[in-house]
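Visitor: Please read through the structure below; I'll follow up with questions.
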Amino acid sequence: MSEIVRFSVSVEDDLLARFDRYCEEERFATRSEAVRQLIRNKLTQRAWATDAGEVAGTLTLVYDHHRPQLRDRLTQVQHDHTGLIVSTLHAHLTHSLCLEVIVLRGPAGELQKIAAELKGLKGIYTGELVMASGEMLDAEH
Ligand code: NI
């Protein structure tokens, strides 16, 4: 039986308010219950996606384009992986916010690595990788 450990997390107050609304709407008894489920889902999703099979996917990023060097870093990382990046769509959401949807295709583990690199850049508010399973792509051949 696993031991329960406590840890503290720092978040913006408005983000916490939204998370509390999510917990209420999804009827979680406690925040801990919701966080545990989110962690499990993410880890499951990640395990599924780290094989070497060919997959296609999109990485959606929302970021602050006023953040120094972020634009350059995003472009640089994408230019470093032209064999895996099919296309990029950019939308200017507000005065400072940008939305970028990057279409990727290649080994799942590689796509996961690029996504992690891009999502980890300072100034990225949110990043989500959605992958179509390798089986779907293989079925075509
Ligand atoms: Ni923009």
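Visitor: Show that you can apply the helix-only estimate: for the chain, add -39,500 (n - 2.57) for every DSSP H stretch of four or more residues, divide by all residues, and state [θ] at 222 nm to the nearest 500. Before the final figure, lay out each step's value.
Guide: On the way: 5 runs with 59 residues, N = 141.
After summing the helix terms and dividing by the residues of the chain, the value is -13000 deg cm²/dmol.
Visitor: Please find, in a Gaussian network model of the chain (springs between Cα atoms separated by less than 10 Å), the residue of Ala56, Ala91, Ala29 whose mean-square fluctuation is greatest.
Guide: Taking springs between Cα atoms under 10 Å, the residue moving most is Ala29.
Visitor: Now for a separate question. Mind grabbing the base-10 log of I(q)/I(0) for the chain at q = 0.09, 0.15, 0.17 Å⁻¹? Debye formula, identical points on the C-alpha positions, no solvent, two decimal places.
Guide: -0.36, -0.92, -1.08
Visitor: Collect residues whose amide H, placed 1.01 Å from N in the peptide plane, falls under 5 Å from the amide H of Val55; neighbours closer than 5 in sequence don't count.
Guide: Correct list: Gly106, Ala108.
Visitor: Let me check I've understood the local charge: for Val77, count other residues with C-beta under 12 angstrom from its C-beta, Lys and Arg +1, Asp and Glu -1. What total comes out? Display every interim value, and only then the final one.
Guide: Working: positive: Arg71, Arg73, Lys113, Lys119; negative: Asp72, Asp80, Glu100, Glu117.
Net local charge, Val77 excluded: 0.
Visitor: Please report the net charge: other residues with Cβ closer than 15 Å to the Cβ of Asp20, K and R +1, D and E -1. Spell out each step's value before the answer.
Guide: Details: positive: Arg18, Arg21, Arg27, Arg31; negative: Glu12, Asp13, Asp14, Glu24, Glu25, Glu26, Glu33.
Charge balance near Asp20 sits at -3.
Each value in this text was obtained by applying a stated rule to the coordinates, not by laboratory testing. No experiment lies behind these values; they were computed from the predicted model shown. So basically every Cβ, Gly included, is an ideal-geometry build from the backbone, and we count neighbours across all protein chains shown.
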